[in-house]
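The values are calculated or read from the model by the stated rules, or taken from the named source; none is laboratory data. Note that the structure is predicted; figures quoted are calculated from it, not measured. A quick note on method: Cβ atoms are made from the backbone with ideal geometry, for glycine too, and the neighbour counts reach across all protein chains shown. Just so you know, the surface numbers come from the protein's heavy atoms only, side chains and all, with ligands and any DNA or RNA stripped out. Shrake-Rupley method; radii C 1.70, N 1.55, O 1.52, S 1.80 Å.
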Amino acid sequence: MYKNNYHHCIIQLVHTFAHHFDGTSQDYLSNLLPHLEPYKKIILVLIDGLGLQNLKDLSQQAGFLYTHLFDTIDTVYPPTTVAATTSLITGKEPVTTGWLGWYQYFKEYQDHYVMFLNQS
């Protein structure tokens, strides 16, 4: 059974950026901080579905990405686009935000919603 490492995942990536810019987070990726030190602006590119195995499989085509890889981090659980993206935006676990998947049923409204589109 797969178990996420919530001490080395995308949530800590967000906290690392916060620590780098204003020192507010204490739960960060210490091995990443030296790489951020010289920068005042950072661009985060999120590529949905690009896990380590896919990166290895595409290493011939994605040589730049693979040769500059210095660490791997886990995603969140459940490993869905909605849960991971929301965690990157908020810095919180999916169990805290409640955003778990594309379609979610809300008992109080007796309806299913498409979370990113806010549609029923």
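Descriptive notes on the structure:
- Looking across THR72, THR80, THR97, one residue alone is within 26 Å of PHE116 (Cα to Cα), touching a helix residue (DSSP H, G or I) at 6+ places or on another chain (Cβ under 7 Å) and either among the β-branched types (Val, Ile, Thr) or surrounded by fewer than 13 Cβ atoms within 10 Å (Cβ to Cβ) (or both). It is THR97.
- Being surrounded by fewer than 14 Cβ atoms within 10 Å (Cβ to Cβ) and out of contact with any strand residue (DSSP E or B) (no Cβ under 9 Å at 6 or more places or on another chain) is true of GLY49.
- Qualifying positions in the stretch 1-24 - without any contact (Cβ under 8 Å) to a residue 60 or more places away in the chain and surrounded by 10 or more Cβ atoms within 10 Å (Cβ to Cβ): HIS7, THR16, PHE17, HIS19, HIS20, PHE21
- Residue within the stretch 100-111 that is in contact with a helix residue (DSSP H, G or I) (Cβ under 6 Å, 6 or more places away or on another chain), open to solvent by 50 Å² or more (accessible area, probe 1.4 Å), modelled with pLDDT of 90 or more and closer than 30 Å to GLN26 by Cβ present: yes
- Residues of the stretch 25-45 that are modelled with pLDDT of 90 or more and exposed (fewer than 12 other Cβ atoms within 10 Å of the Cβ): SER30, ASN31, PRO34, GLU37, PRO38, TYR39, LYS40, LYS41, ILE42, ILE43, LEU44, VAL45.
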